[in-house]
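Every number here is computed from the coordinates shown, using simple stated rules; none is lab data. Quick caveat: nothing in here was measured; it's all calculated off a predicted structure. Ideal geometry is used to build each Cβ from the backbone, glycine not excepted, and the neighbour counts take in all protein chains shown.
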Amino acid sequence: MNKIFTFGLDHINIQTLKESGYEVITQNILPDASQLGSALLIMTSERVAPQKINEIRRNYPDARLLYWYQTKQIKQLASIYLLCEDNDIQFLAPRSTSLVLVEKVKFILEEEAAQQNRVIGIFGSGPGIGCTSVAKLLARRIAATGKKTVLLGLNLYDPGLDQPASISLDQLRSRITRKMVTESDFDNLVDQDGYLYLPGNYDFLATHDYTEEEIEYLIDESQKYAEVVICDFGSIPESAAWYVGMQHSALRFIVTHQKHSYRLLDLIELAKHLDLQPLDFQLILNRSNISTSLAGNISGLTGSQLFLELPHYEGLPDSLPVGKKEILALDEKVQILLTSLGIIEQQIKKRGRFFS
């Protein structure tokens with residue numbers, strides 16, 4: 001059993017670590033270096049100020065260290081992250097949940113952290129870029145393969161529908177908070193083109209009241225119900241849902257535009273503080289009217305792969321009127337996507353058709 005020292009960690013996360021099979025030694029003061037040795041020490045910013053990070057590494061040259069920065073201020077995130085990197089200290093970002101903590105500990109201790117994950121996260125490089133429309137298109141094509149698909153509207157700043165809905169995230173929230181979501185709740189979601197859709201948050205005054213644990217619970221329950229869960233997280237990083245999505249999605253797609261290269265770079269730089277790299281993202285170029293070579297330049301600039309290009313459509317249609325050419329291209333991508341998630345077996349393409 002691996003031994004973990006903690007300094008400043010709350011009792012809920014300590015209990016989660018114990019339930020995950022770790023021996024947890026809670027410290028009221030920092031342990032002696034000889035006592036800690038090469039074990040893992042988890043510290044929080046509430047007990048260890050960032051100014052002490054250099055000193056901490058000098059005092060524990062052999063230990064594995066994890067620093068949980070819990071101040072929810074993006075402006076200081078980069079500098080604290082770099083400070084930890086310089087001192088070979090693992091960094092845990094604000095808004096991280098207990099599950100993220102456990103996965104991080106498994107990574108540090110080089111343990112197997114395999115867990116079936118069928119969550120597809122859709123993010124945007126800016127408001128109005130088309131996250132919801134692209135998420136619905138992807139959900140429609142995945143549902144067309146016969147897979148039970150749920151689309152969750154988790155952009156807490158926009159419900160994703162222009163009219164009131166019979167069910168939405170804010171209407172379901174009391175059941176989410178009490179962890180009472182059942183199969184019947186999913187059965188009552190909006191049926192759209194073969195997939196089930198939970199519109200997002202209409203209660204804008206409650207945007208910042210959502211917690212990471214609530215979003216994490218909803219996503220986990222959705223995976224029990226559906227074969228594929230697609231989440232529309234929107235384009236604004238400052239929400240509990242956005243952070244959970246970044247950390248828990250098996251596949252992450254960024255919907256972007258040809259003029260958003262500078263925004264993409266900022267977004268990917270921010271994601272590095274969550275242990276994500278450019279290759280952890282796939283790009284969907286929406287409203288594209290540029291050549292393939294220029295689209296490739298965007299991919300080369302960011303270091304993320306280009307997954308799909310969608311042409312420009314007049315207006316802002318809720319359901320993208322994609323043509324036959326785009327549908328065929330997307331369906332091929334969907335086959336690859338489902339294979340990567342382990343939902344279908346790898347298939348061989350012959351003359352435009354797929355065979356197992």
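Structure notes:
- Across all C-alpha atoms in region 74-231, the radius of gyration and Dmax reach 17.5, 52 Å.
- Anisotropy class assigned to region 66-166 is oblate, per the alpha carbon gyration tensor with a/c at or over the 1.5 cut-off and a/b no larger than b/c.
- Mean separation of Cα contacts under 8 Å, 6 or more apart, over the residue count of region 119-355: relative contact order %: 25
- 0 to 90° range, to nearest 10: angle between helix 292-302 axis and the chain longest Cα axis: 10
- For the peptides 147-156, 21-30, 96-105, residues were scored by their other Cβ atoms within 10 Å and the scores averaged per peptide; the highest-first order is 147-156, 96-105, 21-30.
- Under Stokes-Einstein, with the Kirkwood radius over Cα pairs as Rh, the value for region 3-108 at 37 °C and 0.692 mPa s is 238 µm²/s.
- Computed [θ] at 222 nm, helices only, for the chain once each DSSP H run of length n ≥ 4 contributes -39500 (n - 2.57): -11000 deg cm²/dmol
- Surface/4 of the Cα convex hull for the chain, nm²: 19.5
- Degrees separating the helix 74-86 axis from the principal Cα axis of the chain, which is the longest one: 60
- The simple spin-label model puts a point 7 Å past each Cα toward its Cβ; for L328 and Y157 those points are separated by 3.9 nm.
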